[in-house]
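Each remark here refers to the structure printed beneath this line.
The values are calculated or read from the model by the stated rules, or taken from the named source; none is laboratory data. All of these numbers come straight from a predicted model, not from anything done at the bench. Backbone-built Cβ (ideal geometry, glycine too); neighbour counts: all protein chains shown.
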Amino acid sequence: MALVLLYLVVLVLVAIVLFGAASLLFGRGEQLPPLPRGTTATVLPAYGVTGADVDAVKFTQVLRGYKTSEVDWVLDRLARELEALRGQLAAVHAPPAADNETNNETEGEPDSVEPASGEDRQESM
């Protein structure tokens with residue numbers, strides 16, 4: 001009985017030594033150190049977000065789904081990008097201010113007024 005107990009003790013000691021040596025040699029198995037608390041690996045470019053950028057977004061998984069703060073950040077970022085693009089689109093489609101003043105002054109006049117015969121368009125303006 002004492003011999004079996006001795007074998008068990010030696011077996012446990014050998015296992016502990018092998019485990020310790022493997023841990024020191026191979027590390028914890030991580031390729032990168034873990035991120036500091038409160039940071040995330042979720043990234044988007046500063047501007048010009050494309051569909052590929054959105055497809056490449058990865059969220060940290062937690063017990064009940066994804067980390068809410070990361071999802072909220074991405075949604076806020078995409079909302080700002082959409083608002084900026086809509087503002088640029090509205091600026092492109094808006095008529096220039098000089099044309100608005102000219103149109104307001106000539107509301108009663110027809111748009112296609114032909115100059116009289118012999119008059120040049122530049123001279124009539």
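Determine whether segment 63-71 contains at least one residue that is among the charged types (D, E, K, R) and either modelled with pLDDT of 85 or more or in contact with a strand residue (DSSP E or B) (Cβ under 8 Å, 6 or more places away or on another chain) (or both).
The answer is yes, given that some residue of segment 63-71 is among the charged types (D, E, K, R) and either modelled with pLDDT of 85 or more or in contact with a strand residue (DSSP E or B) (Cβ under 8 Å, 6 or more places away or on another chain) (or both).
In segment 35-57, how many residues are out of contact with any helix residue (DSSP H, G or I) (no Cβ under 9 Å at 6 or more places or on another chain) and modelled with pLDDT of 80 or more?
Qualifying residue count, segment 35-57: 6.
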